[in-house]
Amino acid sequence: MCLRVSGITWGLILLGSLIDLVKKFGFLSFRNVRDVKRLEADMLDVWLGSYKLFVVRARFVDGVRMEGDTEVNKSKNKEGATSSKAAMEPPHEVHANPNMGGMASCGGNNGRSYRDMFLNKNNADTQQTVLKIDDNIEGFKDWHKVTLCARVKDFNMLSSLNSLLKKNWDSMVEIKYGGGFNVMLVFVTEEDCNSFMEKKDLWVDWFEIVEKWVGQMFKFERITWLKIYGIPICLALDQVYEAVGNRYGVVIQPASVSNDDKDLSYGYIGVLCSRQSRVDDRLTISWRGTSIKVWVNEDVREWVPD
């Protein structure tokens with residue numbers, strides 16, 4: 001099929017296998033259009049074998065609403081739809097669905113946008129699922145009287161907390177990691193727990209806050225380790241890797257690039273972040289008028305402090 005009217009065909013995408021045969025559809029784009037109205041008129045009389053194509057201008061482009069149908073478009077499409085040589089379902093109204101990122105969606109396909117149909121993505125995929133848990137369920141209730149929850153001040157303190165406790169606290173205590181900078185200290189007795197909390201001079205340099213744990217939840221955060229590829233050697237400096245890492249959270253462990261490094265093809269940094277999804281990102285940095293492609297990939301190996 002060739003559509004070369006009032007301009008030069010720029011791209012044609014036919015999406016036939018995504019929905020049933022009666023509802024095949026596609027996208028057609030032109031460049032260097034000399035007469036938009038004539039282009040619309042010419043496309044209203046295009047046949048594919050015994051099937052008349054129903055052609056309308058896109059109502060949304062990159063999420064921006066375009067001009068509505070012209071009068072000639074409205075009247076001729078209405079007339080052409082009733083005189084089709086083959087039995088065809090009447091076209092469904094095309095409208096904007098704010099839940100689909102501003103893309104035009106077809107009401108006859110359960111509100112799915114053309115983009116979602118192209119990606120074979122259901123509405124259920126974009127809706128958040130809520131799983132109700134019985135309110136009577138609660139774990140580790142026997143810890144309430146013997147446990148403190150705390151937040152360390154920095155990454156170095158988190159890494160050295162075990163050795164600090166062994167050196168400065170005589171009684172037995174077990175560290176439970178809660179993600180990010182959050183920890184729980186589980187003591188053997190309630191007396192030990194209360195005694196440690198009262199000795200603020202002992203832990204004031206270690207923790208930002210210490211409180212009794214009675215089942216409260218931590219704010220979600222985690223430490224992620226990122227590999228950053230694509231930084232040229234002339235820019236392979238800690239401040240450059242930190243600038244990239246700060247897009248995802250707070251850099252808590254720098255790349256520590258030195259003259260002794262053998263491999264300068266990537267940087268490795270630690271970031272404190274609150275995002276739940278893994279990092280696998282491509283971005284562009286600009287330096288002296290040059291655009292540089294960078295790939296940021298998360299190390300998927302599990303990490304817990306020593």
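Within the stretch 159-216, the residues that satisfy the criterion of being within 22 Å of VAL250 (Cα to Cα) and in a loop (DSSP other than H, G, I, E, B) are GLY178, GLY179, GLY180, PHE181, ASP205, TRP206. Could you please find all residues in the stretch 273-298 being surrounded by 10 or more Cβ atoms within 10 Å (Cβ to Cβ), more than 25 Å from ASN182 (Cβ to Cβ) and among the charged types (D, E, K, R)? Answer for the stretch 273-298, where residues must be surrounded by 10 or more Cβ atoms within 10 Å (Cβ to Cβ), more than 25 Å from ASN182 (Cβ to Cβ) and among the charged types (D, E, K, R): ASP280, ASP281, ARG282, LYS293.
Against the definition (closer than 30 Å to GLY139 by Cα and either assigned to a strand (DSSP E or B) or in contact with a helix residue (DSSP H, G or I) (Cβ under 9 Å, 6 or more places away or on another chain) (or both)), how does VAL271 come out, yes or no?
Values: closer than 30 Å to GLY139 by Cα: yes; either assigned to a strand (DSSP E or B) or in contact with a helix residue (DSSP H, G or I) (Cβ under 9 Å, 6 or more places away or on another chain) (or both): yes.
Spelling it out, VAL271 is indeed closer than 30 Å to GLY139 by Cα and either assigned to a strand (DSSP E or B) or in contact with a helix residue (DSSP H, G or I) (Cβ under 9 Å, 6 or more places away or on another chain) (or both).
Within the stretch 189-210, identify whether any single residue is touching a residue at least 24 places away in the same chain (Cβ under 8 Å) and touching a His at 6+ places or on another chain (Cβ under 9 Å), and answer yes or no. The answer is no; no qualifying residue exists.
Scanning the stretch 21-29 for any residue that is touching a strand residue (DSSP E or B) at 6+ places or on another chain (Cβ under 7 Å), at pLDDT 70 or above, polar (S, T, N, Q) and outside any helix (DSSP H, G or I) turns up at least one such residue. Among ASN168, ASN182, ASN136, which is under 31 Å from the mean Cα position of the chain (by Cα) and of a type in the set (S, T, N, Q)? Result of the check over ASN168, ASN182, ASN136: ASN182.
The values are calculated or read from the model by the stated rules, or taken from the named source; none is laboratory data. Bear in mind that the values here come from a model prediction, so they are computed numbers and not experimental data. When we count neighbours, we look across all protein chains shown, and the Cβ atoms used for this are built from the backbone with ideal geometry, even at glycine.
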